[in-house]
1. Checking residue 545 against (1) at pLDDT 85 or above; (2) on the phi > 0 side of the Ramachandran plot, which single condition isn't satisfied?
2. Go through region 574-605 residue by residue and tally those that are of a type outside the set (S, T, N, Q), open to solvent by less than 20 Å² (accessible area, probe 1.4 Å), in a helix (DSSP H, G or I) and under 19 Å from residue 386 (Cα atoms).
3. For residue 418, only one of the following conditions fails: (1) under 19 Å from residue 515 (Cα atoms); (2) surrounded by fewer than 12 Cβ atoms within 10 Å (Cβ to Cβ); (3) touching a Ser or Thr at 6+ places or on another chain (Cβ under 9 Å). What is its number?
4. Considering only residues that are surrounded by fewer than 22 Cβ atoms within 10 Å (Cβ to Cβ) and within 19 Å of residue 452 (Cβ to Cβ), which ones fall in region 202-225?
5. Picking from 141, 54, 135, 123, which residue would you name as being among the small types (Gly, Ala, Ser), in a helix (DSSP H, G or I), surrounded by 19 or more Cβ atoms within 10 Å (Cβ to Cβ) and without any contact (Cβ under 8 Å) to a residue 24 or more places away in the chain?
6. Of everything in region 185-205, what is of a type outside the set (A, V, I, L, M, F, W, C), in contact (Cβ under 8 Å) with a residue 40 or more places away in the chain and in a helix (DSSP H, G or I)? Give them in sequence order.
7. Testing residue 60 on (1) open to solvent by 40 Å² or more (accessible area, probe 1.4 Å); (2) touching a residue at least 12 places away in the same chain (Cβ under 8 Å), one condition comes back false. Which one is that?
8. Restricting to region 451-471, what's the tally of residues that are open to solvent by 20 Å² or more (accessible area, probe 1.4 Å), under 17 Å from the mean Cα position of the chain (by Cα) and not polar (S, T, N, Q)?
Amino acid sequence: MKETVLEVSNLQVEFSSDGYTVKAVDGVAFQLNRGETLGIVGESGSGKSVTSLAVMGLLQHPGRISGGEIWFHQQANANPINLAALSSEEMQLYRGGDIAMIFQEPMSSLNPVYTIGFQLTEAILRHQNVSLTEAKRLAIALLQEVKLLPSDEQIKQQYSETWLQTNPNSPLDEYKVAQLVKQHKESMLERYPHQLSGGQLQRVMIAMAISCNPLVLIADEPTTALDVTVQATIIDLLRELQQSREMALIFITHDLGLISEIADQVAVMYKGKFVEYGAVAQIFHNPQHPYTKGLVACRPTLNHRPHKLLTVSDYMTVEETPSGQLIIQAKEPAPPPEITFEEISARLESLQAKPPLLQIRNLKVGFPVKAWFGRTKRYLMAVDDVSFDVKPGETVGLVGESGCGKTTLGRTLLRLIEPMSGQIIFDGRDITNLKGEPLQKLRREMQIVFQNPFSSLDPRMKVGDAVMEPLLIHSVGKTTRQRRERVAELLERVGLSADAMNRYPHQFSGGQRQRICIARSLALNPKFIICDESVSALDVSVQAQVLNLLKELQDEFQLTYIFISHDLSVVKFMSDRILVMNRGQIVEQGTAESIYREPKQAYTQKLIASIPTGSPERVRNHHLKTS
C-alpha cells in the first residue's frame with residue numbers, strides 16, 4: 001500500500017458578491033498517494049484551478065471554503081492536518097514547502113525586475129535554514145536537475161572541445177576549466193525572465209516549486225502556453241522528477257490527450273463537480289459520463305479525418321432547474337463520416353487546376369539588431385527566402401514552434417509588417433510596395449483572426465460597434481440600419497444572437513469572443529483570411545466548435561485560408577496542404593496526409609511525435625514506462 005499524503009473530502013468553495021452566491025466547487029473528494037499522479041480535466045470555469053487554490057490556501061475574497069476538509073498527511077505516523085481549518089499565517093508553514101504549485105503562465109508568475117537567481121534563492125531561504133552561498137549552490141543544482149543547465153561534466157567537455165579547436169597544442173588546465181564552469185553556471189542565475197523562452201521559464205518555475213522537496217506538487221495548466229515539442233519535454237521532466245523524488249502530483253489541464261501522457265488517476269470536472277473518476281486507461285477506453293465522451297471525441301487526431309468534429313453538445317443536453325440543479329440527458333451521436341481518399345484526391349486535383357490567388361516569391365523579413373549609437377549591427381531573419389502559392393478556396397496550414405516565423409510571415413502577407421525583399425502577388429497584382437489608398441482598399445480582400453480574442457476586441461466598444469467598424473471605414477452600406485442588419489446577420493451566422501450587438505466583450509466567453517472576431521473578419525466579404533493561432537487559447541470542446549465553423553464558412557463563402565498553428569493535429573484537420581516552418585524557412589511542404597504519413601524532415605517527425613493523442617497505444621506505453 002502506498003502512503004497517502006492528501007485526502008480531500010466533500011470540498012465546497014463559494015464566491016459571493018452583491019448578495020449572489022456561486023458555488024464554484026461542489027462536493028469534490030479524492031485521495032492522493034505518494035508517487036501518484038491525479039489528473040483533473042475539464043473546461044475553463046469548471047472549478048479545476050479553484051480546487052487547487054483551495055488546497056494551497058490561496059483563495060482570495062470573495063472566495064471561501066464553505067464546507068469539506070483537506071487532510072494533509074505530513075508524516076506517516078503523525079495525525080493529519082486539516083488545511084481547510086488553518087489560518088493564513090498557519091498555512092504559510094506548509095505552502096511552498098510541503099505543498100508547492102506551478103502556475104499556468106510563467107511570465108506573470110516571475111517578477112520581471114529580479115533575476116531568476118534572486119527569486120530562486122529567495123524561495124530556498126524562505127523555507128530552509130541555509131546561508132546565501134548554500135542557497136545559490138542549491139539553486140544551481142536545481143537548474144541542473146530541471147535540465148536548464150547542463151551538468152558540470154558536460155560544461156567542462158563543452159569548454160575543452162571549444163578551446164582545443166582553436167588551441168590544439170595547449171589544453172586547458174584544470175583550474176581554468178573550473179573557473180569557466182563556475183562562471184557559466186552563475187551567468188544563468190544573473191539572467192532576467194525576459195531573457196528566457198517560455199519553456200525555460202517554466203523550468204525555472206518547476207525548480208522553484210521543488211526547491212524544498214515538497215510532498216505534493218500541483219501543476220495548474222503548466223504547458224498550455226507552450227509548443228507541443230516544449231510541452232513534451234516538460235511532461236517528461238515532471239514525470240522524471242516525480243519518480244526520483246516520490247512526489248504526489250496533481251496535474252490540471254483541459255486537454256484529455258495530455259492527461260494520458262502523465263496521469264495514473266483522472267477526475268473529470270464539470271460545473272464544480274467530479275462527474276467521472278477512475279484510472280486513466282478506463283477513462284480513455286470506456287468513458288461512462290456523456291461529458292467525458294464529448295471531451296475525448298472533440299479533439300482532432302492525426303489518425304482520423306472526419307468531415308466535422310463532434311462536440312460536447314452532441315453527447316448531452318443540460319437543463320438547469322429553478323433551484324440551480326443541473327439535469328443532464330445523455331445522447332448517442334452517430335460518428336461523423338470520414339473524408340475518403342477519393343474525396344481528398346478530387347479536391348486537391350480541383351484546387352491545383354486553378355490559378356493561384358496568392359503567390360509568395362523569395363520573401364525576406366528581418367528585424368534589426370542594434371549596436372552602439374543605435375547603428376544596425378545585423379538583421380535577425382524572421383522570414384528567410386520563403387516561396388509558395390495558395391489556390392482559391394484552399395486551406396494552407398503553416399505549422400512550427402514559437403519563434404519560427406509563422407506569425408511574422410502571416411502579418412507580412414497582409415502588409416502589417418514591411419518585407420525586406422521578395423514579392424507578394426495577390427489576385428494577379430503585386431502588392432509588395434502598395435501604400436496609401438490602394439493598400440486600404442486591399443484590406444477589404446484580406447483579413448486576419450488573431451490568436452487572443454481577449455485582446456482583439458476593444459473592451460469599451462460594444463460588440464455591434466466592433467463588427468460594424470470595418471463597414472464604416474470602407475463605407476459599406478448606405479444607412480446605419482443597413483449596417484446593423486448586416487452585423488446581426490454576421491453574428492447569427494457565427495452562432496450568436498443579434499442581441500449580442502448591445503453587449504460588451506467581457507460579457508462573453510473566450511469561444512464566443514473568437515466567434516465575434518470571425519464575424520468581424522467576414523464583414524467586408526474577403527477572399528482571403530489568415531487564422532493566426534485562432535484556436536490555441538480555447539478549450540478543446542470550444543476549439544472543435546470554432547474549427548467546424550471555419551470549415552462551414554469556407555464552403556459557404558468560398559474563403560481561402562492560411563491556418564497558422566503549432567498543433568499539427570489541428571492543422572491536419574483543417575488543411576489541404578501543410579507548410580512546415582523552422583527558423584524562418586519552409587523546411588517541408590506537401591499534402592496534409594503526406595506530411596503526416598511520410599514526414600521527410602527530422603523536425604517534422606519531432607513535431608508529430610510530440611503531440612499528445614490519448615490513443616490506447618500511448619496510454620498503454622505510459623503505464624509500461626511508469627510501472
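The values are calculated or read from the model by the stated rules, or taken from the named source; none is laboratory data. From a predicted model like this one, the values you see are computed outputs, not experimental measurements. Quick reminder, even Gly has a Cβ in these numbers, built from the backbone with ideal geometry, and neighbours come from all protein chains shown. Please note that ligands, DNA and RNA were not included when accessible areas were found on the heavy atoms of the full protein model with its side chains. Shrake-Rupley method; radii C 1.70, N 1.55, O 1.52, S 1.80 Å.
1. That leaves (2) as the condition not met.
2. Of the residues in that region, 1 qualify.
3. (1)
4. 221, 224, 225
5. When all the criteria are applied, what remains is 135.
6. We begin by selecting, within region 185-205, every residue of a type outside the set (A, V, I, L, M, F, W, C); these are 185-187, 190-195, 197-200, 202-203.
The next check asks that each one be in contact (Cβ under 8 Å) with a residue 40 or more places away in the chain; those that pass are 185-186, 190-194, 197-198, 200, 202-203.
185, 186, 193, 194, 198, 200, 202, 203, listed by residue number.
7. Going through the list (1) open to solvent by 40 Å² or more (accessible area, probe 1.4 Å); (2) touching a residue at least 12 places away in the same chain (Cβ under 8 Å), residue 60 breaks only (2).
8. Adding up the residues that qualify gives 1.
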